[in-house]
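Reading through the structure tokens given below for one structure.
The values are calculated or read from the model by the stated rules, or taken from the named source; none is laboratory data. Since this is a predicted model, take the numbers as computed values, not measurements. No Cβ is skipped: glycine too gets one built from the backbone with ideal geometry, and neighbour counts run over all protein chains shown.
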Amino acid sequence: MLGFLKSIFSALVGSGLTLAVVAKFGQSWFFKKVDAKVAVKLAEKNNQLMEQLEHKKNNLNKELQIEVTHFKSQLEVLGSQQSKFLEMKINNILLLNQNHYLAVKKIKALTDVTNVWIEEAANYFKFQIEDREHEELSDYEVYRKLHQDHWPPYQKSANAAFNKYAECLALNMPILPKELVEKEMGIIDQCRSILSDTSMNFSRAMNFTQYIVVPEECEGTEAEFMANLIQEHEKSIAQKACIDKLSNELFDKSLRSGALIESLLQHQHVRRNRDGS
């Protein structure tokens with residue numbers, strides 16, 4: 001403050017004001033004038049500082065609003081991405097169920113027709129042997145060729161549906177719930193086993209219908225080949241029972257999937273409420 005007064009005093013003296021003026025009006029008058037000017041200067045300085053402070057405050061508020069808006073935008077994007085991910089997960093669960101249903105339906109059609117035709121062949125020879133009128137058994141060739149011509153389309157359709165089901169699980173495995181994936185893999189293993197066993201079952205049964213007519217040419221006996229044919233019939237019944245079980249469980253699986261989807265939606269709702277708070 002003393003230095004500031006000295007600078008003003010020097011300026012006044014330099015402007016033509018002499019010590020004589022101070023002497024004439026007195027020091028009290030002089031310093032009142034000086035104090036008034038100092039007060040004005042201080043007030044102006046204070047106003048400038050207040051304006052600068054207000055300006056900085058406004059800038060900070062603007063920056064804060066921008067940050068808040070950006071943060072909200074990020075939350076909205078994140079929420080949108082999570083919603084899309086959840087939607088994709090639910091759609092894949094439903095798609096997996098659809099492919100599972102079609103696979104079981106086609107495999108069931110295959111095992112049904114396989115069981116019917118093997119049972120037909122077994123009864124064909126069984127009734128001949130029980131009510132034997134001729135020494136030689138009637139040939140089954142016409143029926144065998146008919147079945148062998150009509151069986152492949154069933155197999156092709158079942159394999160195509162199964163492959164689509166297995167591929168759907170494989171492609172979506174990373175985003176599906178772990179427990180669901182494990183159960184689906186178990187079902188796929190069962191379906192694969194049924195398809196393989198049914199194919200072998202049909203092929204062996206049709207071969208035995210040929211061997212039993214001319215057992216001596218096939219290194220066996222009529223009784224042995226008849227027993228083999230009956231055994232293949234029993235296998236076809238077991239395979240049919242397996243796929244029937246999977247078919248009967250489709251409704252229960254649909255209910256479980258509905259509960260799973262509801263749980264996923266509820267979890268998403270809880271997360272949104274938590275993030276929003």
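Residues checked against (1) of a type in the set (A, V, I, L, M, F, W, C); (2) within 30 Å of Asn92 (Cα to Cα); (3) free of Cβ contacts under 8 Å to residues at least 24 places away in the same chain:
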| residue | (1), (2), (3) |
| --- | --- |
| Phe125 | yes, no, no |
| Gln128 | no, no, yes |
| Lys164 | no, yes, no |
| Ala170 | yes, yes, yes |
| Ser196 | no, yes, yes |
| Phe208 | yes, no, no |
| Val213 | yes, no, no |
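Within segment 165-180, track down each residue that is assigned to a helix (DSSP H, G or I) and surrounded by fewer than 16 Cβ atoms within 10 Å (Cβ to Cβ).
Across segment 165-180, the qualifying residues are Glu167, Ala170, Leu171, Met173, Pro174, Ile175, Lys178, Glu179.
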- Message: So, Val270, is that one outside any helix (DSSP H, G or I) and either modelled with pLDDT of 90 or more or farther than 17 Å from Ala121 by Cβ (or both) or not?
- Response: no
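Quick one: would you say Asn123 is over 15 Å from His147 (Cβ atoms) and of a type outside the set (Phe, Trp, Tyr)?
no
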- Restricting attention to segment 90-123, the residues that are touching a helix residue (DSSP H, G or I) at 6+ places or on another chain (Cβ under 7 Å) and without any contact (Cβ under 8 Å) to a residue 60 or more places away in the chain number exactly 3
- Query: Of Glu249, Glu262, Glu234, which residue is of a type in the set (Asp, Glu), surrounded by fewer than 17 Cβ atoms within 10 Å (Cβ to Cβ) and modelled with pLDDT of 95 or more?
  - Reply: Glu234
- Query: Are there any pairs with C-beta distances below 6 angstrom linking a residue in segment 226-247 that is more than 19 Å from Lys126 (Cβ to Cβ) to a residue that is of a type in the set (D, E, K, R), with the two at least 6 apart or on different chains, and if so which?
  - Reply: Gln239/Asp197; Ile243/Lys108; Ser247/Lys108
- Message: Here is a check on your reading of the model: is Ser203 farther than 18 Å from Val104 by Cβ, of a type outside the set (Val, Ile, Thr), surrounded by fewer than 16 Cβ atoms within 10 Å (Cβ to Cβ) and modelled with pLDDT of 95 or more?
- Response: yes
